[in-house]
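A.B. asks: Mind having a look at this structure? Questions to follow.
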Amino acid sequence: MHHQDHLHVGAAQINATLGDIEANLERHLDIIHQARDVDLDLLVFPELSLTGYGMGSRVIDLAFPPHDPRLLMLARAAGDMQLVVGFVEEASPGEYYNALAILQHGALQAVHRKLNLPTYGGLEEGKLFTHGSDLTQNDVREGWSATSLICADLWNPGLVHAAMLARPTVLCAPINSASGIVSDDFSNEQNWAINLQFYAMTYGTPVIMANRFGPEGGSHFWGGSRILGPRGETLAHAEDREMLIHAELSRTAIAKARFELPTHRDADTPLVRDLMLGYR
């Protein structure tokens with residue numbers, strides 16, 4: 001029995017084989033077994049972890065609905081551990097989402113659809129996907145809830161703020177970040193570190209970031225997966241290889257951080273909403 005003050009969380013830094021869902025499922029199952037051996041409560045895989053990233057028009061062949069038996073197989077393998085897995089959701093013919101399946105207790109608990117589709121630098125997601133319009137928060141177990149935001153969702157501070165207003169205990173951040181994909185001068189490696197540390201510290205909320213590591217086509221995914229505590233401190237950091245990282249989170253530490261910096265309490269949503277309505 002787990003003590004309610006602690007949550008044992010992990011990030012799966014794996015590479016995906018582009019277009020090979022079967023191979024990627026095998027890789028997921030390997031990591032799920034490792035995670036169960038160390039008794040994780042929550043395990044986060046990278047964005048689009050079942051498909052790979054650069055799908056182009058193959059998105060049609062690689063998409064499937066959320067009740068797909070392959071997701072249920074992963075859910076059964078996970079048992080009581082909550083999984084966050086990346087896939088392409090087919091909602092209707094031609095309507096595809098860059099999505100996360102939240103799996104636990106042998107079933108699909110929720111789907112998060114990416115809200116902010118990047119169409120800058122080498123990124124063309126707006127051509128492939130429909131954007132989501134809902135935040136997704138789920139209970140992991142008693143006293144612990146998680147919200148998930150996918151990659152570029154975290155580069156729209158308004159979306160992160162909206163997600164944090166519901167006071168999730170943990171923020172899951174599955175990403176697919178390749179070196180140099182935005183521009184020659186924008187360092188994904190350095191800027192992701194700043195982004196994640198800022199949100200963890202400002203909202204007193206641990207962050208589980210899972211990135212890929214390795215090649216796809218001409219891109220190199222740089223990894224750097226990490227688990228941050230509620231003051232922005234690094235609790236676990238992946239090496240430059242495929243690996244599982246994990247750390248213990250403390251509800252008491254989260255409470256203390258939020259009490260000392262009461263960002264949620266002082267959010268003044270009515271004022272912020274009024275100010276934002278001026279920009280419609």
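A.B. asks: Failed condition for Thr252, given (1) among the β-branched types (Val, Ile, Thr); (2) in contact (Cβ under 8 Å) with a residue 40 or more places away in the chain; (3) surrounded by 16 or more Cβ atoms within 10 Å (Cβ to Cβ), with all others met?
C.D. replies: (3)
A.B. asks: A further question follows. Going by the structure shown, is Pro69 out of contact with any Pro (no Cβ under 9 Å at 6 or more places or on another chain) and either more than 24 Å from Trp222 (Cβ to Cβ) or surrounded by 15 or more Cβ atoms within 10 Å (Cβ to Cβ) (or both)?
C.D. replies: So Pro69 passes the test.
A.B. asks: Would you call Asn195 crowded, with 17+ Cβ neighbours inside 10 Å, within 12 Å of the chain's Cα centre (by Cα) and either at pLDDT 95 or above or among the aromatic types (Phe, Trp, Tyr) (or both)?
C.D. replies: no
A.B. asks: Hey, does segment 210-225 have a residue that's of a type in the set (Ser, Thr, Tyr), out of contact with any Ser or Thr (no Cβ under 7 Å at 6 or more places or on another chain) and assigned to a helix (DSSP H, G or I)?
C.D. replies: No; the residues of segment 210-225 include none that is of a type in the set (Ser, Thr, Tyr), out of contact with any Ser or Thr (no Cβ under 7 Å at 6 or more places or on another chain) and assigned to a helix (DSSP H, G or I).
A.B. asks: Against the conditions (1) over 19 Å from the mean Cα position of the chain (by Cα); (2) at pLDDT 95 or above; (3) of a type outside the set (A, V, I, L, M), where does Tyr120 fall short? Just the number, please.
C.D. replies: Tyr120 satisfies every listed condition except (2).
A.B. asks: Among the residues in segment 73-95, are any over 22 Å from Arg141 (Cα atoms), open to solvent by 10 Å² or more (accessible area, probe 1.4 Å), in contact with a Ser or Thr (Cβ under 8 Å, 6 or more places away or on another chain) and of a type in the set (A, V, I, L, M)?
C.D. replies: yes
A.B. asks: Restricting attention to segment 127-183, report how many residues are closer than 19 Å to Ala91 by Cβ, small (Gly, Ala, Ser) and either in contact with a helix residue (DSSP H, G or I) (Cβ under 7 Å, 6 or more places away or on another chain) or at pLDDT below 95 (or both).
C.D. replies: 0
A.B. asks: Still on this structure, I have one more. Here are the criteria: (1) under 20 Å from Ile14 (Cα atoms); (2) open to solvent by 40 Å² or more (accessible area, probe 1.4 Å); (3) in contact with a strand residue (DSSP E or B) (Cβ under 8 Å, 6 or more places away or on another chain). Tell me which single one Ser133 does not satisfy.
C.D. replies: That leaves (1) as the condition not met.
A.B. asks: Among the residues of segment 140-160, what is the count of those that are open to solvent by 50 Å² or more (accessible area, probe 1.4 Å) and either without any contact (Cβ under 8 Å) to a residue 12 or more places away in the chain or part of a helix (DSSP H, G or I) (or both)?
C.D. replies: Counting residues in segment 140-160 that are open to solvent by 50 Å² or more (accessible area, probe 1.4 Å) and either without any contact (Cβ under 8 Å) to a residue 12 or more places away in the chain or part of a helix (DSSP H, G or I) (or both) gives 2.
A.B. asks: For segment 240-280, which positions are in a loop (DSSP other than H, G, I, E, B) and under 27 Å from Gln34 (Cα atoms)?
C.D. replies: Hits for segment 240-280 are Asp240, Arg241, Glu242.
A.B. asks: Another question, if that's okay. Pick out the one residue from Ile175, Ile227 that is closer than 21 Å to Lys256 by Cα, within 12 Å of the chain's Cα centre (by Cα) and open to solvent by less than 50 Å² (accessible area, probe 1.4 Å).
C.D. replies: Only one candidate passes the filter, namely Ile227.
A.B. asks: To continue, here is another question. What is the number of the single condition among (1) at pLDDT 95 or above; (2) in contact with a Lys or Arg (Cβ under 9 Å, 6 or more places away or on another chain); (3) open to solvent by 10 Å² or more (accessible area, probe 1.4 Å) that Ala12 does not meet?
C.D. replies: So Ala12 meets the others, but not (3).
A.B. asks: One residue is enough: does segment 41-62 have a residue meeting the conditions loosely packed, with under 14 Cβ neighbours inside 10 Å and in a loop (DSSP other than H, G, I, E, B)?
C.D. replies: No.
A.B. asks: Next question. Confirm whether Thr202 is open to solvent by less than 30 Å² (accessible area, probe 1.4 Å), polar (S, T, N, Q), farther than 29 Å from Asp80 by Cα and modelled with pLDDT of 95 or more.
C.D. replies: So Thr202 fits the description; yes.
A.B. asks: Same structure again: Between residues in segment 53-69 that are among the basic types (Lys, Arg) and residues that are at pLDDT below 95, which pairs lie under 9 Å by C-beta distance while being six or more apart or on different chains?
C.D. replies: Every condition considered, no pair remains.
The values are calculated or read from the model by the stated rules, or taken from the named source; none is laboratory data. Please read these numbers as outputs of a predicted model, since none were measured by experiment. As a convention, Cβ positions derive from the backbone with ideal geometry for all residues, glycine included, and neighbour counts pool all protein chains shown. Side chains included, ligands, DNA and RNA excluded: accessible areas come from the protein's heavy atoms. Shrake-Rupley method; radii C 1.70, N 1.55, O 1.52, S 1.80 Å.
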